[in-house]
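Right, one structure below, let's go through it.
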Amino acid sequence: MATLMAADLPLANDYQQILRQQLPLLDLRAPVEFNRGAFTGSVNLPLMTDNERAAIGSCYKLQGQQAAIALGHQLVQGEVKANRVIAWRNFALKHPNGLLYCARGGLRSQIAQQWLADAGVVYPRVKGGFKALRQAAITVIDQAATMPVLLLAGPTGSGKTRLLRQLQAVDLEALANHRGSAFGRKLAAQPSQIRFENDLAGALLQVQTVNAPYLLLEDESLLIGQRNIPHSLFQTMQRSPLLLLEESLQARIEVILQDYIIDLLDEAMTLYAEQGFSQFSSMLQQAMARIKKRLGGALYSELSTLLCQALAIQQQSGDINLHRQWITRLLTDYYDPMYQYQLNKRDLPVLMQGSAGELSQWWQQQVTAVGH
């Protein structure tokens, strides 16, 4: 096979397609860069370690580009180089539809692409690297903010997330890995802000393939856990009309029981094994403590006691029935009044209200009307 020169190696610059399809990405940046933010589907197989990158950066400042390049080849040669190329080659063969990139599509990705080609694998490089993809993601979000937006609202436990998934909408809470409330923290860490925004752009592009009259989102506050909705999009959400999801109190209690007791414990047991139940218990108790001031001393004391009793019985026998007591009180005495107050205060137009089935039917009618 003839040696391919850099000019002959493939470049990719259809950034929206890369984001929409969430293509596998071989991220060549140093771990410190990757950890600040990346993309779903990206795997960090760096050309240089953090220490190597720092040494080359110092050399560049003191002695210039040629000396820095020479040092880079000195640090990454022999077995070190061979092992890195093998890792890239394995990734490329496993993900033939993927691409590679570095920070700006410069020297690092060009070198890695050439080394891969020398090893018999021609793999496309993202033109402009992470920076270009990141800029494309920001542009997608800003463009989405100019579209007609419709917000799905409803009291806590009404099953908004379940309905959003059925309607092919953007699930902001899933992207932020947080359910949005004081009890919404999950065991796995939230993504970085940059990762959240990058993945949001991909999700926005995916739903735009469904020709709907509105961009449908859940009604959220600015912060979802510790991740904030990008400013331009949040500003649009603040003045957008609502779909109101209405479900019975009993149905909502069961949704909360499933999400925050059954599913959370399953997740904790999977992650922590024998320590799973204590992790699960402390998460619930910390969540209750986070809203102590808003609950007031008497209600907090009562709910906290009920929660501890429910956890003790659950640990002894597996019976989760007592959890329904504190969940009921929390909904009726705290979440529901707060939801109603915020809804009245904002005074946004309501396009439709009803059960999940009724809202789903209404939404499908809107989508069908646009298609004709």
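Quick rundown of the values:
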quantity	calculated
Magnitude of the charge dipole, the range 253-316, Cβ model with Lys/Arg +1 and Asp/Glu -1, debye to 20	500 debye
Cβ-placed point charges (K, R +1; D, E -1), dipole of the range 32-180 about Cα centre in debye, nearest 20	120 debye
Most mobile listed residue (Tyr260, Tyr214, Tyr341) in the chain, GNM with C-alpha springs under 10 Å	Tyr341
³J(HN,Hα), Karplus 6.51/-1.76/1.60, whole Hz, each residue of the range 22-35, x for Gly, Pro	6, 5, x, 10, 8, 8, 8, 5, 5, x, 4, 6, 4, 5
Contact order relative to length of the chain, as percent, for alpha carbon pairs under 8 angstrom and 6 or more apart	17 percent
Length-normalised contact order of the range 14-96 in % [C-alpha pairs under 8 Å, at least 6 apart]	24 percent
Carbon + sulfur, % of accessible area of the range 120-230 - ligands and nucleic acids excluded, 1.4 Å	49 percent
Protein-only accessible surface order, largest first, of Lys127, Lys345 at 1.4 Å	Lys345, Lys127
Highest-MSF residue in the chain out of Arg89, Arg165, Arg108 [GNM, Cα springs under 10 Å]	Arg165
Helix-only CD estimate at 222 nm, as mean residue ellipticity for the chain, using -39500 (n - 2.57) per DSSP H run (n ≥ 4)	-17000 deg cm²/dmol
Given charges at Cβ of Lys, Arg, Asp, Glu: the chain dipole, positive-most of Ala55, Gln114, Ala212	Ala55
Solvent-accessible area per residue, Å², over the chain with all protein chains present [probe radius 1.4 Å]	49 Å²
Estimated translational D of the chain in µm²/s (Stokes, Kirkwood radius over Cα pairs; 4 °C; 1.567 mPa s)	55 µm²/s
At 1.002 mPa s and 20 °C, Stokes diffusion of the range 121-198 via Kirkwood alpha-carbon radius, µm² per second	140 µm²/s
The chain: antiparallel DSSP beta bridges as a percent of all, rounded to 5	10 percent
Residue among Ala212, Ala136, Ala189 with the largest mean-square fluctuation in a Gaussian network model of the chain, springs linking Cα atoms under 10 Å	Ala189
Inter-centroid distance (Cα atoms) of the range 60-132 relative to the range 281-350, Å	52 Å
For the range 1-118, size of Cβ-based charge dipole, Lys and Arg +1, Asp and Glu -1, in debye	180 debye
Relative contact order of the range 38-172, pairs being alpha-carbon contacts under 8 Å that are 6 or more residues apart, as %	16 percent
Whole-percent carbon and sulfur share, accessible surface of the range 235-318, 1.4 Å	51 percent
Sum of side-chain charges, Tyr300 neighbourhood, beta-carbon under 12 Å (Lys, Arg +1; Asp, Glu -1)	+3
Selection from Leu25, Thr146, Pro337 lying farthest towards where the dipole of the chain points positive, charges on Cβ	Leu25
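The values are calculated or read from the model by the stated rules, or taken from the named source; none is laboratory data. What you are looking at is a predicted structure, and each value in this text was computed from that prediction instead of being measured. Using ideal geometry, Cβ is built from the backbone for each residue, glycine included, and neighbour counts are taken over all protein chains shown. All accessible areas refer to the heavy atoms of the entire protein, side chains included, with ligands and DNA or RNA removed. Shrake-Rupley method; radii C 1.70, N 1.55, O 1.52, S 1.80 Å.
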